[in-house]
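Accompanying notes for the structure given below.
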Amino acid sequence: VGDAGAGDSKGGARGREPKSDTKPDSVTEPDSENQPESDADPYAVARQIVLRQLTMAPRSRHQLRQKLRQRNCPDDVAEAVLDRMTEVGLIDDEKYAEALVRSKQVSRGLSKRALAHELRAKGVDKDTADAVLDQVSPTEEEDRAKALVEARLSRLRGLDRDTVMRRLAGMRGRKGYPSGLSLQ
């Protein structure tokens, strides 16, 4: 009787066995789906990768080139696809840089120096980055720094003056503002 009870519990486990039998089939199915991609036109595959990336979020040409390299796309195919996407206006590093600068100014209050670093990190070339950053006026940047200080002051109430000044200077420094910028 003890064996029958053990057999019943095993029978429950056997009920799960067909699921494990189906796993190898489901594992082989994606492999067979991936095989046509390797036989597919490399230009079509590269276009699909780029379009997928652009659908998720705006990207610089450099970021897209890196993604194509990660996917083992030949460099000549990648450049041809990126050139075509640039021709039709889907890739535009200047517009990308302008949008990134506006976004980072509003969301994080970054200075021109910090924005230049962000643009370099995203692969935007120096000339394009400089042209976009030249549109940010020094007055606008100073106003943004003052707004950051005012917003932070309310959280620093009750602390001594030296601590407040040190924390404000640290916050401004992390945002890329020069240490000599006035707090007024």
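The values are calculated or read from the model by the stated rules, or taken from the named source; none is laboratory data. Computed from a predicted structure; not experimentally measured. All Cβ positions, glycine included, derive from the backbone under ideal geometry; neighbour counts span all protein chains shown. SASA here: full protein model, heavy atoms, side chains in, ligands and nucleic acids out. Shrake-Rupley method; radii C 1.70, N 1.55, O 1.52, S 1.80 Å.
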Filter result (surrounded by 15 or more Cβ atoms within 10 Å (Cβ to Cβ) and not in a helix (DSSP H, G or I)) within region 167-180
K175, G176, Y177
Could you tell me whether R59 is in a helix (DSSP H, G or I) and of a type outside the set (A, V, I, L, M, F, W, C)?
no
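Yes/no matrix, rows are residues, columns are (1) surrounded by fewer than 13 Cβ atoms within 10 Å (Cβ to Cβ); (2) in contact with a Pro (Cβ under 7 Å, 6 or more places away or on another chain); (3) assigned to a helix (DSSP H, G or I); (4) without any contact (Cβ under 8 Å) to a residue 24 or more places away in the chain:
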position: V106; (1), (2), (3), (4): yes, no, yes, yes
position: R113; (1), (2), (3), (4): no, no, yes, no
position: A129; (1), (2), (3), (4): no, no, yes, no
position: A151; (1), (2), (3), (4): yes, no, yes, yes
position: G158; (1), (2), (3), (4): yes, no, no, yes
position: M165; (1), (2), (3), (4): no, no, yes, yes
Is it true that V101 is touching a residue at least 60 places away in the same chain (Cβ under 8 Å) and under 15 Å from the mean Cα position of the chain (by Cα)?
no
By residue number, the members of region 73-104 that are in a helix (DSSP H, G or I), closer than 16 Å to R61 by Cα and among the hydrophobic types (A, V, I, L, M, F, W, C) are V77, A78, A80, V81, L82, M85, A97, A99, L100
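Evaluate region 137-149: report whether one residue or more is open to solvent by 60 Å² or more (accessible area, probe 1.4 Å), of a type outside the set (G, A, S) and outside any helix (DSSP H, G or I).
Within region 137-149, the subset open to solvent by 60 Å² or more (accessible area, probe 1.4 Å) is 138-140, 142-143.
Still in the running and of a type outside the set (G, A, S): 138-140, 142-143.
Pick out the ones that are also outside any helix (DSSP H, G or I) and you get none.
So far as region 137-149 goes, no, none of its residues is open to solvent by 60 Å² or more (accessible area, probe 1.4 Å), of a type outside the set (G, A, S) and outside any helix (DSSP H, G or I).
Kindly check whether there is at least one residue in region 154-177 that is within 30 Å of L54 (Cβ to Cβ) and aromatic (F, W, Y).
Checked against the condition, which is being within 30 Å of L54 (Cβ to Cβ) and aromatic (F, W, Y), region 154-177 yields no hits at all.
Every residue, every condition in (1) β-branched (V, I, T); (2) under 26 Å from K126 (Cα atoms); (3) surrounded by 18 or more Cβ atoms within 10 Å (Cβ to Cβ), yes or no:
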residue: Y43; (1), (2), (3): no, no, no
residue: Q48; (1), (2), (3): no, no, no
residue: R61; (1), (2), (3): no, yes, yes
residue: L64; (1), (2), (3): no, yes, yes
residue: K67; (1), (2), (3): no, yes, no
residue: N72; (1), (2), (3): no, no, no
residue: D75; (1), (2), (3): no, yes, no
residue: E79; (1), (2), (3): no, yes, no
residue: R84; (1), (2), (3): no, yes, no
Single residue of L51, L110, L115, L64 found to be under 16 Å from the mean Cα position of the chain (by Cα) and closer than 30 Å to G170 by Cβ:
L115
